[in-house]
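Worksheet: the structure to be examined is printed underneath.
Values in this text are rule-based calculations from the coordinates and carry no lab data. Note that this is a predicted model, so its numbers are computed, not measured. With ideal geometry, Cβ positions are generated from the backbone for all residues, glycine too; neighbour counts draw on all protein chains shown.
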Amino acid sequence: MNCILETQGLCKEFGAVTAAKDVNVRIHKGEVVGVIGSNGAGKTTFINMVTGYLKPSRGEILFNGQSIIGRTPRAITRAGMARSFQVAQLFPQLSVLDNLLIAVSAAQSPFPSLLAPMRNASRIAQADAILAEFDISRWRDTQVTAVPQGVRKLIDIAMALIGDPQMLLLDEPTSGVSAEEKTALMDTVMRVVAQHQVTVLFVEHDMDVVRRYVSRILAFYSGEVLADGAPEAVLANARVQEFVTGGPNAHKRAAQ
Amino acid sequence: MRLSKTELILLGVAVLLAAGGVIAPQWLVFLLTMALAKAMVVQGVVMQMRAGLVTFGQGLFFCVGGYAVGMSGHFLNITDLALLLLIGVGAAVLLAMLLGLLMTRYREIFFAMLSLAFSMILYGVLVKSSALGSTDGFNVKAWTLFGWTPASGQAPLALFIIIVACSGLLAVLLHRYSRSSAGMMCEAIRENEVRVEYLGQSPRWVLYMNYVAAAAVSALGGGFMALSAGHIDPEMAYWITSGEFVFIALLGGTAHVAAPFIAAILFAVVRTYAIELVPHSWQMILGFTLLAIIVFLPKGLWSLFTGQARRAKA
């Protein structure tokens with residue numbers, strides 16, 4: 001498989017705090033990778049560095065073989081790596097359709113037109129199509145502030161997907177969503193990303209969600225990659241159990 | 001160019017206003033001309049408000065437009081109105097292209113204060129320039145239009161008709177801009193700049209274009225003000241003048257392109273009558289007016305129309 005994203009010796013320090021320490025990761029095209037780790041393990045720092053929000057203190061990030069160190073988030077987005085956020089980043093005072101139309105317009109050109117209307121038939125058709133794919137068409141004309149949290153998460157991911165990225169980074173796609181809604185939400189997300197043939201890397205705390213959808217797990221602890229491999233192997237790893245999942249039967253105990 | 005219903009209404013109102021000017025008393029024609037000139041500057045303020053930025057220094061471009069018109073007549077002997085306005089707008093665009101490189105780095109109070117600082121720098125330069133009349137300013141030469149010189153009595157009405165026509169066209173253009181990708185992107189930036197960046201769009205570039213366009217519109221207002229009043233002085237760049245534009249913007253609201261025009265006319269009427277009634281404390285009347293608007297119509301006068309529309313739908 002071709003490598004789409006590679007980090008080499010990636011480090012990030014905030015003063016005396018080390019948020020990422022010598023992170024070496026290779027993500028291949030078509031993979032669905034889960035990133036796990038306790039709070040402060042460096043998961044979001046990793047995503048923020050890879051998407052250009054944070055500049056690494058040291059190390060290299062290659063996307064499709066090209067260095068993306070020092071590039072702006074928008075340049076990285078345009079290169080084909082999109083992201084969603086732990087807290088859905090939307091335009092709350094606008095309708096769901098306008099949110100998506102802005103995403104369509106931004107994907108079409110970095111220089112928005114000054115006089116041509118944003119709402120045109122082809123953009124509306126594209127926005128409607130992605131709403132239908134995520135099964136949220138009934139919220140089309142609702143203002144975002146009136147939309148439930150789970151739907152906001154889907155809109156956030158839909159906006160990231162509109163530019164047809166090669167890789168999608170999802171930062172805790174189920175955070176803030178009720179336990180009952182999580183599976184339905186992730187089923188929808190994974191069905192749509194599979195249709196779009198996108199490589200996915202997602203941060204998640206819920207081990208049931210991780211087990212269900214990923215082909216590989218990266219376990220972070222204290223800024224380092226503690227384990228990297230198939231889900232069964234990583235979750236059976238003694239150090240992962242000790243520092244990340246909280247013991248071999250932690251999730252069962254939690255369920256009880 | 002196909003016009004929408006709103007655009008046809010805007011142009012229709014402009015035609016009615018221009019026709020009304022023919023029978024209106026001269027004092028009203030002058031008051032409306034000044035109000036429309038100010039409304040153009042306020043449009044520049046509103047364009048930036050829609051992007052989440054409040055400027056306390058739009059007087060800068062108002063003044064640049066006015067002084068460019070005045071100086072072109074005074075030093076270059078140019079009297080053609082169209083050319084004078086073009087020079088005014090061009091000067092403001094060039095200045096905005098330069099200042100915009102810095103301004104678009106800042107947001108919130110920092111943007112507001114920096115805009116204020118630049119307008120006050122211009123004010124400081126002008127009050128020290130004896131060649132430009134210092135604090136007194138100087139008179140602007142009478143204008144012509146494509147070789148036609150209006151008779152002394154005709155000039156105010158002719159200028160009124162021209163400014164109404166320009167206001168109508170400007171309203172249509174700004175209405176289109178507010179619904180364009182760039183206009184909607186401004187709203188998106190106001191709502192969530194980080195998301196705009198992660199959609200692959202440069203917020204700074206969008207804000208830069210918006211800043212330059214707002215400067216052009218405001219300079220047009222400055223040019224008309226100079227031609228209408230026949231005089232320019234450094235007060236055009238003073239912070240109180242800029243504050244007045246923010247006042248009118250709040251009065252009208254940002255929801256529709258017609259709002260600044262309505263607010264500017266109302267402001268001119270209220271101020272005229274306030275000065276007439278209480279010459280020494282007319283500012284108090286304006287203060288109470290703004291207070292009432294903020295309390296009862298926080299989204300400005302335009303919410304009266306949208307509220308009615310909503311009730312009619314219900």
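Details
- Considering all C-alpha pairs of chain A, those separated by over 32 Å amount to 23%.
- Helix-derived mean residue ellipticity, 222 nm - over chain A, DSSP H n ≥ 4, -39500 (n - 2.57), to 500: -10500 deg cm²/dmol
- Based on Cα contacts under 8 Å between residues 6+ apart, chain B shows a relative contact order of 34 percent.
- Separation of alpha-carbon centers, the range B:217-246 and the range B:118-153, rounded to whole Å: 11 Å
- Amide H contacts of A:Ile69: A:Ile61, each under 5 Å away and 5 or more positions distant or on a separate chain (H built 1.01 Å from N in the peptide plane; Pro and chain starts excluded).
- Net charge in the neighbourhood of B:Ser119 (other residues with Cβ under 15 Å of its Cβ; Lys, Arg +1, Asp, Glu -1) is -3.
- Taken over the range B:15-152, the alpha-carbon convex hull comes to 141 cubic angstrom per residue.
- Residue-averaged 222 nm ellipticity for chain B, from DSSP H runs of 4+ at -39500 (n - 2.57), nearest 500: -25000 deg cm²/dmol
- Reciprocal of mean inverse Cα separation for the range B:121-180 (Kirkwood radius, Å): 14.9 Å
- Computed over the range A:71-214, relative contact order equals 32 percent, with contacts defined as Cα pairs under 8 Å that lie 6+ residues apart.
- Size-normalised alpha-carbon gyration radius of the range B:5-237, reference 2.2 N^0.38 Å: 1.05
- Environment charge of B:Lys5, counting only residues whose C-beta is closer than 14 Å and scoring Lys/Arg +1, Asp/Glu -1: +2
- For the range B:165-288, a Kirkwood hydrodynamic radius built from all Cα pairs, placed in the Stokes-Einstein relation at 10 °C and 1.306 mPa s, yields a translational diffusion coefficient of 95 µm²/s.
- Amide H contacts under 5 Å for B:Phe138: B:Ile232, restricted to partners 5 or more places along the chain or on a different chain, H placed in the peptide plane at 1.01 Å from N.
- 3J(HN,Hα) couplings calculated from phi for the range B:31-47 with the Karplus curve 6.51 cos²θ - 1.76 cosθ + 1.60 (θ = phi - 60°) are, in sequence order, 4, 5, 4, 5, 5, 5, 4, 5, 4, 5, 5, 4, 4, x, 5, 5, 4 Hz; Gly and Pro show x.
- Largest-first principal axis extents, alpha carbons of the protein assembly as shown, Å: 93, 55, 45
- Alpha carbon centroid spacing (whole Å) that separates the range A:196-218 from the range A:16-67: 15 Å
- For the range A:110-256, taking the reciprocal of the average inverse distance between every pair of different Cα atoms yields a Kirkwood hydrodynamic radius of 17.5 Å.
- Mean separation of Cα contacts under 8 Å, 6 or more apart, over the residue count of the range B:27-153: relative contact order %: 31 percent
- Local electrostatic count, A:Pro117, Cβ distance below 13 Å [Lys/Arg +1, Asp/Glu -1]: +3
- When you count the other C-beta atoms within 10 angstrom of each residue and take the mean per peptide, A:182-189, A:143-150, B:275-282 line up highest first as A:182-189, A:143-150, B:275-282.
- Couplings for the range B:236-244, taken from phi via the Karplus curve 6.51 cos²θ - 1.76 cosθ + 1.60 with θ = phi - 60°, read 4, 9, 6, 5, 5, 4, 5, x, 4 Hz in order; Gly and Pro are left as x.
- Residue exposure proxy: B:His175, A:His205, ordered by other Cβ atoms within 10 angstrom of their Cβ from fewest to most, comes out as A:His205, B:His175.
- Euclidean distance between Cα centres, the range B:1-70 to the range B:100-116, Å: 24 Å
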